[in-house]
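The values are calculated or read from the model by the stated rules, or taken from the named source; none is laboratory data. This structure is a prediction, so every number in the text was calculated from the model and none was measured. For neighbour counting, all protein chains shown are included, and Cβ atoms are generated from backbone atoms with ideal geometry for every residue, glycine included. Please note that ligands, DNA and RNA were not included when accessible areas were found on the heavy atoms of the full protein model with its side chains. Shrake-Rupley method; radii C 1.70, N 1.55, O 1.52, S 1.80 Å.
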There are 2 protein chains.
Amino acid sequence: MKKAEATRLNILQKAFELVYEKGYQTTSIDDILATTQVTKGAFYYHFKNKDEMGIAIINELLKPILTSSFIEPLQNYKNPTETVYNLIHHLLMENDFLKVQHGCPVANFTQEMTPWNEDFSKALNEISQQWIKSMTLYFEKAKKNGLINTSVNAKRTTLFIMSGYWGIRNFGKLENNKSVYLPYLKELKNYLETLK
Amino acid sequence: MKKAEATRLNILQKAFELVYEKGYQTTSIDDILATTQVTKGAFYYHFKNKDEMGIAIINELLKPILTSSFIEPLQNYKNPTETVYNLIHHLLMENDFLKVQHGCPVANFTQEMTPWNEDFSKALNEISQQWIKSMTLYFEKAKKNGLINTSVNAKRTTLFIMSGYWGIRNFGKLENNKSVYLPYLKELKNYLETLK
DNA sequence: ACAAAAACATACTAATCGGTATGTTTTGTG
DNA sequence: CACAAAACATACCGATTAGTATGTTTTTGT
């Protein structure tokens with residue numbers, strides 16, 4: 001039972017890389033078979049069809065990876081301005097799972113799959129709601145500890161920051177250059193300062 | 001020569017609607033032919049191939065429409081906070097060319113086409129640079145007239161706002177509901193106030 | 001060691017894709 | 001009205017697509 005799981009994971013990982021790079025619809029099963037060196041029989045043994053594999057990528061690969069990248073940094077509780085800024089800075093500038101030219105994988109999937117398959121929207125919504133929840137809780141805590149102004153609306157602020165993050169990822173993808181991230185980050189810092 | 005142009009425009013409009021709704025890769029030429037009632041011969045008389053049609057959608061349809069939606073409102077010069085807020089509010093809540101469940105057409109194209117065809121990136125970049133330029137100029141003017149703080153960096157601020165706009169469009173698409181727009185808009189107003 | 005199930009391999013299929021070849025019809029112009 | 005070019009129509013094509021049918025091999029529990 002160990003080798004089979006490795007095969008499945010190999011498919012998911014390689015398939016994700018292809019999808020992240022080229023998009024879901026333009027990545028064919030045969031593309032995936034070619035890069036994984038897995039045969040069609042093996043593929044369809046592990047996944048009922050292509051969409052089920054796509055959902056598995058989201059739930060079994062993206063979710064855990066992005067949870068650790070997005071949510072865990074917010075557990076080490078410090079100065080909110082700095083913590084949130086560092087989180088976004090790390091995601092944009094240092095995280096080497098995410099590539100500027102490919103954008104945000106969750107945003108990519110959202111754009112491409114939302115009109116195509118409801119199951120994708122569900123799985124993606126779970127990820128984004130997780131992010132929102134954890135950052136909202138973070139700001140709530142910061143308010144109680146007097147680290148940010150009590151007039152701050154935690155959920156609204158979170159949504160505003162998350163939106164900016166998704167948007168600048170799109171800009172980066174369009175311009176294929178991390179340099180657009182820098183002015184964004186500076187202005188993010190400005191904004192975060194106003195929460196104090 | 002008039003009827004032919006009408007045919008071309010009809011193709012572009014119907015094709016855009018399909019692409020905006022379903023995505024570019026999942027919209028087939030045959031889909032477009034079926035909804036336009038145009039034959040394949042006519043289609044390929046007007047467009048060398050599918051991608052050329054896609055570029056034409058961006059340059060001949062999206063660009064003029066979005067220019068009037070994004071840029072013209074910034075010509076009527078008033079209070080920046082109010083003007084920019086009203087612009088975004090109108091785009092999100094009232095503009096009936098843009099649909100919440102379909103997201104931002106420029107962002108959609110960016111996500112889907114950037115890895116596929118460079119010409120798309122070029123055409124899309126022209127649109128987004130146009131937006132950035134006009135809003136940056138707007139903030140510069142506002143600074144000179146003392147309507148916002150001189151410490152404001154016009155370009156950075158513009159990029160920050162534009163990113164937020166693209167991001168919240170993605171949220172709206174994912175949740176298929178305009179209600180996420182409201183907290184975003186409130187926080188946008190807060191942010192704009194800090195520029196004074 | 002052996003049977004049964006799990007895991008994988010190969011060959012195929014029907015449908016759909018973008019695109020082309022080869023027409024016919026319509027339109028503008030002298 | 002003629003006739004050439006523009007505009008459109010029809011029939012087709014090779015390639016690719018997701019998926020299946022039918023195998024063989026490997027692993028596992030007993």
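Results, tabulated for the structure shown:
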{"read-out": "Verdict on B:Leu182 being assigned to a helix (DSSP H, G or I) and under 17 Å from B:Leu74 (Cβ atoms)", "value": "no"}
{"read-out": "Residue in segment B:85-98 that is within 11 Å of another protein chain (Cβ to nearest Cβ), assigned to a helix (DSSP H, G or I) and of a type in the set (Ser, Thr, Tyr) present", "value": "no"}
{"read-out": "Check on B:Leu192, open to solvent by less than 70 Å² (accessible area, probe 1.4 Å) and not in a helix (DSSP H, G or I)", "value": "no"}
{"read-out": "Failed condition for B:Tyr44, given (1) in contact with a Ser or Thr (Cβ under 8 Å, 6 or more places away or on another chain); (2) in a helix (DSSP H, G or I); (3) not hydrophobic (A, V, I, L, M, F, W, C)", "value": "(1)"}
{"read-out": "Every pair of residues 6+ apart whose Cβ atoms lie under 6 Å, when the first sits in segment B:1-19 and is closer than 14 Å to B:Phe97 by Cα while the second is open to solvent by less than 40 Å² (accessible area, probe 1.4 Å) and within 14 Å of DNA strand D (Cβ to nearest atom)", "value": "B:Lys14/B:Thr36"}
{"read-out": "Subset of segment A:78-91 (residues that are open to solvent by 10 Å² or more (accessible area, probe 1.4 Å) and more than 19 Å from A:Thr194 (Cα to Cα))", "value": "A:His90"}
{"read-out": "Test set (1) open to solvent by less than 20 Å² (accessible area, probe 1.4 Å); (2) farther than 26 Å from A:Thr26 by Cα - B:Ile32 fails condition number", "value": "(2)"}
{"read-out": "Any hit, segment B:125-136, residues being away from chain A (no Cβ under 13 Å), within 14 Å of the chain's Cα centre (by Cα) and among the aromatic types (Phe, Trp, Tyr)", "value": "no"}
{"read-out": "Test: residue in segment B:101-116 that is open to solvent by 70 Å² or more (accessible area, probe 1.4 Å) and more than 12 Å from chain A (Cβ to nearest Cβ)", "value": "no"}
{"read-out": "Given (1) under 20 Å from B:Gly164 (Cα atoms); (2) free of Cβ contacts under 8 Å to residues at least 24 places away in the same chain; (3) within 14 Å of chain A (Cβ to nearest Cβ), number of the condition B:Asp31 does not satisfy", "value": "(1)"}
{"read-out": "Residues satisfying the stated conditions in segment B:137-174, i.e. surrounded by fewer than 20 Cβ atoms within 10 Å (Cβ to Cβ) and in a helix (DSSP H, G or I)", "value": "B:Leu137, B:Glu140, B:Lys141, B:Lys143, B:Lys144, B:Ala154, B:Lys155, B:Arg156"}
{"read-out": "The listed residue being at pLDDT 95 or above and open to solvent by 10 Å² or more (accessible area, probe 1.4 Å), out of A:Asp96, A:Asp119", "value": "A:Asp119"}
{"read-out": "Enumeration of residues in segment A:15-25 that are in a loop (DSSP other than H, G, I, E, B) and either open to solvent by less than 30 Å² (accessible area, probe 1.4 Å) or away from DNA strand C (no atom under 15 Å from the Cβ) (or both)", "value": "A:Gly23, A:Tyr24"}
{"read-out": "Scan of segment A:165-179 for residues that are facing chain B (nearest Cβ under 7 Å) and either within 16 Å of A:Pro80 (Cβ to Cβ) or not small (Gly, Ala, Ser) (or both), ordered by number", "value": "A:Tyr165, A:Trp166, A:Ile168, A:Asn170, A:Phe171, A:Lys173, A:Leu174, A:Glu175"}
{"read-out": "Hey, B:Thr39 over 30 Å from B:Leu137 (Cα atoms), open to solvent by less than 70 Å² (accessible area, probe 1.4 Å), within 16 Å of DNA strand D (Cβ to nearest atom) and among the hydroxyl-bearing types (Ser, Thr, Tyr) or not", "value": "no"}
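Each row is one residue, and each column tells you yes or no for (1) within 16 Å of DNA strand D (Cβ to nearest atom); (2) of a type in the set (D, E, K, R); (3) over 23 Å from B:Lys122 (Cβ atoms); (4) modelled with pLDDT of 95 or more.
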site: B:Arg8; (1), (2), (3), (4): yes, yes, no, yes
site: B:Ile11; (1), (2), (3), (4): yes, no, no, yes
site: B:Leu33; (1), (2), (3), (4): yes, no, yes, yes
site: B:Phe47; (1), (2), (3), (4): yes, no, no, yes
site: B:Gly54; (1), (2), (3), (4): no, no, no, yes
site: B:Lys78; (1), (2), (3), (4): no, yes, yes, no
site: B:His89; (1), (2), (3), (4): no, no, yes, yes
site: B:Asn108; (1), (2), (3), (4): no, no, no, yes
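Yes/no matrix, rows are residues, columns are (1) open to solvent by 20 Å² or more (accessible area, probe 1.4 Å); (2) within 16 Å of DNA strand C (Cβ to nearest atom); (3) assigned to a helix (DSSP H, G or I); (4) not aliphatic (A, V, I, L, M):
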| residue | (1), (2), (3), (4) |
| --- | --- |
| A:Lys3 | yes, yes, yes, yes |
| A:Leu9 | yes, yes, yes, no |
| A:Lys48 | yes, yes, no, yes |
| A:Gly54 | no, no, yes, yes |
| A:Leu66 | no, no, yes, no |
